[in-house]
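Right, one structure below, let's go through it.
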Amino acid sequence: MMKIRLVILITLLIALGAVLSSDRVVSNKDEDGNREVVKKTEEKSTQKTVSPTPTTVQQNTYSGSDFIYPGSLVTSSGGNTFVMTSSDGSDKITIWYTDRLGNYSAKSFVRTKSNGNVLNKLSASSGGQKIQVEITQSASSNTTNIKVEIK
């Protein structure tokens, strides 16, 4: 009984040592049914450790004039809010603002059209700056309204 425990303990120690030293233990039976333990050392791969390189995050800091739609008429402005009108269609204006906000890290674009009335809301933020654009056009009007808020 003591010999069996000793054999089990030695086997466990060999297996544990193999795991800790990246060696592999193979147990085979020979022709007579006797167990043969062979210890094989695996070659360790030589991988080069790559250190991370710092990257700089470009912050988008635009002024309000960067978000005035080309050819539009500014009907009011105050602080960081601009209200404009344009004879261009809401789709063309929405595409222009979507492209303009493309470099921001977090974006949300919601386009709705019901009974010919359009309400598109675009929002983007990056580096502490948030831009919100609201584009509206009623079914009975050829004029598109634009509201831009920079926070």
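Within region 112-127, which residues are part of a strand (DSSP E or B) and over 15 Å from K147 (Cα atoms)?
T112, K113, S114, N117, S125, S126
Go over the candidates N103, N117, N145 one by one and state the one that is crowded, with 19+ Cβ neighbours inside 10 Å and out of contact with any Asp or Glu (no Cβ under 6 Å at 6 or more places or on another chain).
Details: N103 fails: crowded, with 19+ Cβ neighbours inside 10 Å; N117 fails: crowded, with 19+ Cβ neighbours inside 10 Å.
The conditions single out N145.
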Quiz item: Can you name the condition, by its number, that I131 falls short on among (1) part of a loop (DSSP other than H, G, I, E, B); (2) modelled with pLDDT of 90 or more; (3) closer than 13 Å to I150 by Cβ?
Solution: (1)
Quiz item: Name the residues in region 77-98 that are in a helix (DSSP H, G or I) and under 17 Å from Q129 (Cα atoms), would you?
Solution: Y97, T98
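The values are calculated or read from the model by the stated rules, or taken from the named source; none is laboratory data. Note that the structure is predicted; figures quoted are calculated from it, not measured. Every residue, glycine as well, gets a Cβ built from its backbone with ideal geometry; the counts of neighbours run over all protein chains shown.
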